[in-house]
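Remarks on the structure that follows.
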Amino acid sequence: MATPAQGTVLPPRPAPGQAADPGATGSQSAPMDAAAGPAAGPDAPQEGTDGAFLPHPGDGGPRPASATAPRASGPQPGPGGPHPASAPALHAPGPHPGPTAPTDHGPTSAPGHAHLPGQAPASHPTPNHAPTPQGAWHQYDPWSAPLQGGGPMAPAAGRRARRGQLVAGAVALALLAGGVGGGIGAYVERYGGLSDIKLSQSGADEGGRKPDSVAGIAQRALPGVVTLHVRGSAEQGTGTGFVLDHQGHILTNNHVVEPAGSGGEISVTFSGGQTAKAKVVGRDGGYDLAVVQVEGVAGLRPLTLGNSDSVRVGDPVVAIGAPFDLANTVTSGIISAKQRPITAGGKKGDGSDVSYVDALQTDAPINPGNSGGPLVDAKARVIGINSAIRAADSGGGPDGDSQAQGGSIGLGFAIPINQAKRVAEELINTGRATHPVIGVTLEMEYTGDGARVSERSKDGRQPVLPGGPGAKAGIKAGDVITKVDGAPVHSGEELIVKIRSHRPGDTLVLTLQRDGKERSVRLSLGSSSTG
């Protein structure tokens, strides 16, 4: 049977001196208060059999009963026992005028014991208790205030609204703080803070450089290197030179000073910035060397001359000059090869200005304006004079930088200092340089391998000069010279280069081809001041 809305009706108390008869039988069951008539509503007081108000479980206040339960004359179901089928519950006719009060899930009282105000009822399970609707008792909010008066309390809508506002405010504050922090971080990253930027820097390097380093070599050699500005009636140019002695003699290339001619002007600028006028002491087109001299200059720093015969391929070298008028330029590299036969010049067409050099090859960058500058070794000793380059835009052989204005491609050539020293001494002492000769005229148009002696006279000269070194050695017209001291010779230019790499009076062994047969001859070099 369903529990009445107002709670379970207690049985009547027995009269004094009369005990309840649990075993009495009868056909009438005690009427249920809930079924006797319309419900009085959830706040109606409940009245007991003796007219007393009964406390509503869990409410703490009295509720009047809607009807008085008469004492049953028949048997009553005990606690926990089922109601007999012959005694169905009686229901009052008529609809409920209002909503049913919340079902009491509190404990029921034992028969014969009334609930007194302020007294907790004994706990007994209700038989056949049917599930009741979910009401305010099951709406528990862990975030609400504690229940007052022992009953449930619905959560306040205002409190929830305040929570939502707090959450929204916290989110907005977090976004604002994130934006401000990001802006400050970006500013600090870009500008380094709110104060002036101070960049870190290492202290001044007081240490020196090793003498054999490029910096050490340049430090010792630069004071003796000069830049030459040459101005003539038809052209002008820039080149390099270096100091030979304390008398003011400076060695450079012939093609550097050639534009000045006999009436031009030569200005010399030292590495420290001092400038002086210079005059030509002597020059030679066959070796492409010249000596000029300055006067009245104090504190000259002559460079030490080395020995080019001791140079080995792969030795480190430093080139110093004024490429494209950039004074005091230092480049470094190695010796790439030795005894490279090169020719330079030849602008006059008669061959009088062609220079023949048995050159040192280097990959140290050399450009127009480097001509006449020193090529020094690891001890800052001069081992060559930078004179020619193989330019990328020159289709012919190596040219002096006055003819090939292309940039360096790593093929630079220098006159060996052993040869330049002899020529410089002759130019200083006599104003002229001597050339070693063999006394024969070569056929420069010969396309075969070797250098062939001409078979006919030229300009009134016989192919083999009578009484000359070649005639004394037994050389004849038409002979093809293939070797000099065992080194192969492939053309007339190479033969001239090999001969001019020696001094007049030196003895050479030449290998000849004559009538298909090979023979060797020994001769002593002669001397000529005309080439």
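The values are calculated or read from the model by the stated rules, or taken from the named source; none is laboratory data. As the structure is a prediction and not an experimental result, all values here were calculated from the model. As a convention, Cβ positions derive from the backbone with ideal geometry for all residues, glycine included, and neighbour counts pool all protein chains shown. Remember, those area values only see protein heavy atoms, side chains included, never the ligands or the DNA or RNA. Shrake-Rupley method; radii C 1.70, N 1.55, O 1.52, S 1.80 Å.
Tabulated values for the structure
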read-out: Scan of region 493-508 for residues that are open to solvent by less than 30 Å² (accessible area, probe 1.4 Å) and among the β-branched types (Val, Ile, Thr), ordered by number; value: VAL497, ILE499
read-out: Residue tally, condition polar (S, T, N, Q) and crowded, with 16+ Cβ neighbours inside 10 Å, over region 244-253; value: 2
read-out: Positions within region 465-492 being open to solvent by 30 Å² or more (accessible area, probe 1.4 Å), closer than 11 Å to ARG452 by Cα and touching a Ser or Thr at 6+ places or on another chain (Cβ under 8 Å), in sequence order; value: ALA477
read-out: Residues of region 432-462 classified as outside any strand (DSSP E or B), open to solvent by less than 20 Å² (accessible area, probe 1.4 Å) and either out of contact with any His (no Cβ under 9 Å at 6 or more places or on another chain) or within 23 Å of ASP353 (Cβ to Cβ) (or both), total; value: 4
read-out: Subset of region 301-323 [without any contact (Cβ under 8 Å) to a residue 60 or more places away in the chain and of a type in the set (A, V, I, L, M, F, W, C)]; value: VAL313
read-out: Long-range neighbours under 6 Å by Cβ, at least six apart or interchain, first residue in a strand (DSSP E or B) and of a type in the set (Gly, Ala, Ser) within region 517-531, second open to solvent by 50 Å² or more (accessible area, probe 1.4 Å) and at pLDDT 95 or above; value: SER524/THR507
read-out: So ASP309, is it closer than 24 Å to PRO365 by Cβ and either under 47 Å from the mean Cα position of the chain (by Cα) or buried (at least 16 other Cβ atoms within 10 Å of the Cβ) (or both); value: no
read-out: Hits in region 259-299 (condition: acidic (Asp, Glu), in a strand (DSSP E or B) and open to solvent by 20 Å² or more (accessible area, probe 1.4 Å)); value: GLU265
read-out: ALA451, sole failed condition from (1) in contact with a strand residue (DSSP E or B) (Cβ under 8 Å, 6 or more places away or on another chain); (2) on the phi > 0 side of the Ramachandran plot; (3) of a type outside the set (S, T, N, Q); value: (2)
read-out: Residue count for region 319-340, restricted to those that are assigned to a strand (DSSP E or B) and either surrounded by fewer than 22 Cβ atoms within 10 Å (Cβ to Cβ) or out of contact with any Ser or Thr (no Cβ under 8 Å at 6 or more places or on another chain) (or both); value: 11
read-out: Residue check for VAL256: within 27 Å of VAL357 (Cα to Cα), free of Cβ contacts under 8 Å to residues at least 60 places away in the same chain and surrounded by 22 or more Cβ atoms within 10 Å (Cβ to Cβ); value: no
read-out: Condition met for GLY241 (of a type in the set (Gly, Ala, Ser), modelled with pLDDT of 95 or more and buried (at least 24 other Cβ atoms within 10 Å of the Cβ)); value: yes
read-out: Residue that is modelled with the lowest pLDDT [pool: residues in region 337-352 that are under 14 Å from SER387 (Cα atoms) and touching a Gly at 6+ places or on another chain (Cβ under 8 Å)]; value: GLY345
